[in-house]
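The values are calculated or read from the model by the stated rules, or taken from the named source; none is laboratory data. This is a predicted model, so every value here is computed, not measured. Here the Cβ positions follow ideal geometry from the backbone for every residue, glycine too, while neighbour counts run over all protein chains shown. Side chains included, ligands, DNA and RNA excluded: accessible areas come from the protein's heavy atoms. Shrake-Rupley method; radii C 1.70, N 1.55, O 1.52, S 1.80 Å.
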Amino acid sequence: MANSGSENSSDKMPITVFGKAQIESELKRLMQEERPSVIRAIEEARSHGDISENAEYESAKERQAVVEGRIQEVQGKLAGAEVIDTSKIVSDRIVFGAAVTIMDRDTDEESTYQIVGVDEADVKQGFISILSPLARALIGKKNGDEVLVKSPKGDKEYEVVSFSFK
């Protein structure tokens, strides 16, 4: 399918294949489990008679609004995503998808993070958002490069020990 030029790929947010699968799984759960459950709850509450003073009905309608809103949000994320298979990336510099090992210049402590899409980020699991200060500082660097990360907690210096794509 040819790009008409009206849709600029730079407007799309990068996401890994794994991240896309997670979002698709959430969408499937919302549409096949949550939505029908809410509809059943609304029908059940309606069966209790007068809905004007029915707290169960109001609660179910509020839950329906939350579920439908989340479905729209997730569909929007999928539509605006550029899926990147990080295992196929070949680069001599750090780019989206790289798993980067860095050393803290103050403590000599090493940490490894993979640069992923915004919705995939989980620092405790070693996944940092492409928009995070650390990821933005690492992009374009090579092994041995020093990196200064400016963050609200103050400036930190790191050295790139290694990086790979998996």
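Some values worked out for this structure:
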quantity: The one condition in (1) under 26 Å from GLU82 (Cβ atoms); (2) free of Cβ contacts under 8 Å to residues at least 12 places away in the same chain; (3) of a type in the set (Asp, Glu) that GLU120 fails to fulfil; calculated: (2)
quantity: Subset of segment 124-138 [outside any helix (DSSP H, G or I), of a type in the set (A, V, I, L, M, F, W, C) and touching a strand residue (DSSP E or B) at 6+ places or on another chain (Cβ under 6 Å)]; calculated: PHE127, ILE128, ILE130
quantity: Answer from LEU148, LEU138, LEU78, LEU131 - the residue that is open to solvent by less than 40 Å² (accessible area, probe 1.4 Å) and either hydrophobic (A, V, I, L, M, F, W, C) or in contact (Cβ under 8 Å) with a residue 60 or more places away in the chain (or both); calculated: LEU138
quantity: Boolean, ILE139 is out of contact with any Asp or Glu (no Cβ under 8 Å at 6 or more places or on another chain) and under 21 Å from LYS77 (Cβ atoms); calculated: no
quantity: Residue among ASP92, ASP11 that is in contact (Cβ under 8 Å) with a residue 60 or more places away in the chain, loosely packed, with under 10 Cβ neighbours inside 10 Å and under 30 Å from VAL116 (Cα atoms); calculated: ASP11
quantity: Of the criteria (1) of a type in the set (D, E, K, R); (2) open to solvent by 30 Å² or more (accessible area, probe 1.4 Å); (3) in contact with a strand residue (DSSP E or B) (Cβ under 9 Å, 6 or more places away or on another chain), which one ASP104 fails; calculated: (2)
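Here's the yes/no breakdown for (1) within 30 Å of ALA41 (Cα to Cα); (2) touching a His at 6+ places or on another chain (Cβ under 8 Å); (3) outside any strand (DSSP E or B):
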| position | (1), (2), (3) |
| --- | --- |
| GLY69 | yes, no, yes |
| ARG93 | no, no, yes |
| ASP106 | no, no, yes |
| GLN114 | no, no, no |
